[in-house]
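Reviewing the structure listed below.
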């Protein structure tokens, strides 16, 4: 009963001290698209993602209700670093929905021109001037936001003597006035909602491995809570294990000092902590340390690499490929080691009857499309008027240019010999071991798609190659050979498809560069590079987050420069957050249902080869 009353009192006093103001709230998820478009339009980096920010400590006065409730110390203030634009999940700062929505747009515009130097006030003043110059249409909105926010700022007379100069400097900067130069941090004043805080990220830190269980069970991991997606500050610290964890420090006069000196090593505990998110929300900065001890997950990871007798057979001595390092802004030559492997001879792959029927149906469809005559436009004679050519001709005629008596404004249908080469690159990482449906894993769906797609392409007579890829750091990038350009579609290829197994990680940039080199050597006029994946690029070293995305984007740009047509087919429901940056808005297809992968894959190929 006492605990229930305490919880009720905490909720009641917190609600009184910090009202929700739901009638004026604007959610980040509703503004996500507008924020991303405005940020990119202003020159913001395409690899920076928009994400919710966790609460952090700030200064400023508090009224008596906040002191009673213990609130008013932390707020979700906007931050910008090299990888994320972290904004509040909900904004209800002002008394109108329009102003709160304008605040999201202003922060996106400010972030697109923000250049941090270490001086918080000076950086935001300079960025504000650049944003108003680049986005002239936001001047009136920024003026309204500034007037409304200055009305919310605390009075200088209500502050302590040491806090008043800091607040005076902030208010003068908001009004655009000159003021005595002071070094002020966001933790020393009340939240300034029109400004950003630039955070440094540990670019040299290598993220810890998070192996995925490979036991083949159909149990799905519990979905993370919404707070888990919040961007939090973190720092790397050196782990110093205690010599004897059972001995307490010799400070028997203070119980609080005991808790400061007892080390709780959660790094070697495999059990889940239900209060982890709540504890993280109460911290301004998370300190991460590598423990000298290991857990069962590290043992499982080491066992993921099979022995040479059980592994696939290597083809050739291996090759080197470069990798783009966005932090150094350079292409590091011979940085990744690739090894092409092929599955050992095993039992032949026997697809079910319904899959064979699907393969025959798709093959007949592609054969008909390949044999059908095609429209040739901008001809001097033909069956129909080419509207586009006619509009161009009339535009040039209005300009006074001289034209021939037989303008090329017609279109006619004619059968021609097609020159096409296709390379299909399939993701075989450990994430494909997850269950896509109640009775089928992602790797099973990919295996069926490769069988149907290969069977269909074999009927068109076009050259094609099928490869898989996975990786374990940059020194071990595996290219799984399934079918080469010069190999016929046969039972041996079916056996290799049936032997596909998920494993390791997704260093997509190295695989795309290898596929680009293979496809560039083909003599065909049209060369199509299809990438089949279920998630974003990642590996267990620095190849995570923006690093992996930037390298993959650079590899895709290299493929386009070589004259290839890259296209991605994915079943990742979050693909819209990163694939437009990698392949372009029209360069990928999202499959909402994994069982429709075959349909979308062949449809994409048909559209691209017209």
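Take every pair of alpha-carbon atoms less than 8 Å apart whose residues are at least six positions apart; their mean separation over the length of region 2-198 yields a relative contact order of 27 percent.
Listing 429, 381, 75, 520 from the residue with the fewest other Cβ atoms within 10 Å to the one with the most, what is the order?
Placing the least packed residue first, the sequence is 381, 520, 75, 429.
The packing ranking of peptides 31-42, 530-541, highest mean first, is 530-541, 31-42, where packing means the average number of other beta carbon atoms within 10 angstrom of each residue.
Neighbour counts of other Cβ atoms within 10 Å put 115, 558 in the fewest-to-most order 115, 558. Counting neighbouring beta carbons within 10 Å and listing from fewest to most, the residues 576, 476, 592 come out as 592, 576, 476. With R₀ set to 30 Å, the beta-carbon distance separating residue 526 from residue 599 gives a calculated FRET efficiency near 0.85.
Shown is the FRET efficiency for residue 161 and residue 15, computed with R0 = 45 Å from the Cβ-Cβ distance and rounded to the nearest 0.05: 0.85. Which shape class, rounded, prolate or oblate, goes with region 508-600 when its Cα gyration tensor gives a ≥ b ≥ c as root eigenvalues, a/c under 1.5 marks rounded, and past that a/b bigger than b/c marks prolate? Oblate, since a/c reaches 1.5 and b/c is not below a/b.
How many angstrom separate the Cα center of region 429-503 from the Cα center of region 518-551? After rounding, the separation between the Cα centres reads 15 Å. Region 4-77 and region 557-587 have Cα centres separated by 34 Å. Length gained on full extension, residue 573 to residue 98, computed as 0.36 nm times the residue gap minus the Cα-Cα distance: 167.9 nm.
The numbers here are math on the coordinates, done by the rules we state, and not lab data. Since this is a predicted model, take the numbers as computed values, not measurements. Because the Cβ atoms are built from the backbone with ideal geometry, glycine has one as well, and the counts that use them run over all protein chains shown.
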